[in-house]
1. With the requirement that a residue be among the polar types (S, T, N, Q) and assigned to a helix (DSSP H, G or I), what does the stretch 70-128 give you?
2. Could you grab the pairs with beta carbons closer than 6 Å, sequence gap of 6+ or different chains, first residue in the stretch 89-112 and touching a residue at least 12 places away in the same chain (Cβ under 8 Å) and among the acidic types (Asp, Glu), second one part of a loop (DSSP other than H, G, I, E, B) and crowded, with 16+ Cβ neighbours inside 10 Å?
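The values are calculated or read from the model by the stated rules, or taken from the named source; none is laboratory data. Since the model is a prediction, treat every value here as computed from it, not as a measurement. When we count neighbours, we look across all protein chains shown, and the Cβ atoms used for this are built from the backbone with ideal geometry, even at glycine. With ligands, DNA and RNA removed, areas are computed over all heavy atoms of the protein, side chains included. Shrake-Rupley method; radii C 1.70, N 1.55, O 1.52, S 1.80 Å.
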Amino acid sequence: PPEEVAEAFGLPEGAQRTLYDFAAGGSPERRVHVEEELIVFAFWCSGSPEPGADEALGAESLDLFRVNVCLHGDFLLTVHEREFDLPGYVAPDGISAGRSERYAVFVALEGMVATLVEALGAAEREIAAIENELLQGGARRSERDDRARIRSLRSRLTTLRMRIAAERGLFGRVGEEIEQIPLLEADRE
């Protein structure tokens with residue numbers, strides 16, 4: 001329960017409220033909560049960056065979900081809209097010894113962004129396959145099937161562009177705020 005997590009990590013009320021806020025809408029930059037020792041912000045992740053061959057290719061196949069991140073000098077806490085093994089996905093072999101705490105934060109954020117980039121790559125490969133089929137002139141589906149497939153891909157691309165653009169804008173601010181967190185070990189250089 002949120003109260004137990006807040007107590008265990010010593011989260012102030014505003015940080016707790018932001019960490020568990022999954023209401024739809026609003027700018028990601030307005031979902032940032034900053035205090036002297038921590039920052040809470042929302043990030044996006046794709047649970048299915050590579051849909052299966054028999055899976056629909058619409059935006060729903062991206063399985064996008066929000067991950068609210070709380071970064072403190074002593075810990076990185078994520079709360080997800082749904083179950084997802086974020087550490088297992090972004091660093092299946094763990095983080096190499098000797099890396100800084102800021103490096104670990106980078107790995108977590110980069111891993112979430114990577115799921116969106118992988119989903120974008122899957123859509124690009126599907127577009128290339130459609131183009132190749134059209135150029136080859138081989139076995140073709142109906143024009144109606146092609147249109148439906150293209151509409152689904154456009155939906156995926158639009159959704160991904162919106163999420164990536166929002167994260168890009170947020171990343172600059174979050175990066176500046178991370179620099180201000182005391183106790184967060186930086187790289188030696």
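1. If the condition is that a residue be among the polar types (S, T, N, Q) and assigned to a helix (DSSP H, G or I), then Thr115 is the only one that fits.
2. Between residues of the stretch 89-112 that are touching a residue at least 12 places away in the same chain (Cβ under 8 Å) and among the acidic types (Asp, Glu) and residues that are part of a loop (DSSP other than H, G, I, E, B) and crowded, with 16+ Cβ neighbours inside 10 Å, the close pairs are Glu101/Leu184.
Conditions (1) under 21 Å from Glu118 (Cβ atoms); (2) open to solvent by less than 60 Å² (accessible area, probe 1.4 Å); (3) acidic (Asp, Glu), marked per residue:
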site	(1), (2), (3)
Asp63	yes, yes, yes
Cys70	no, yes, no
Leu76	no, no, no
Val79	no, yes, no
Glu83	yes, no, yes
Val90	yes, yes, no
Asp93	yes, no, yes
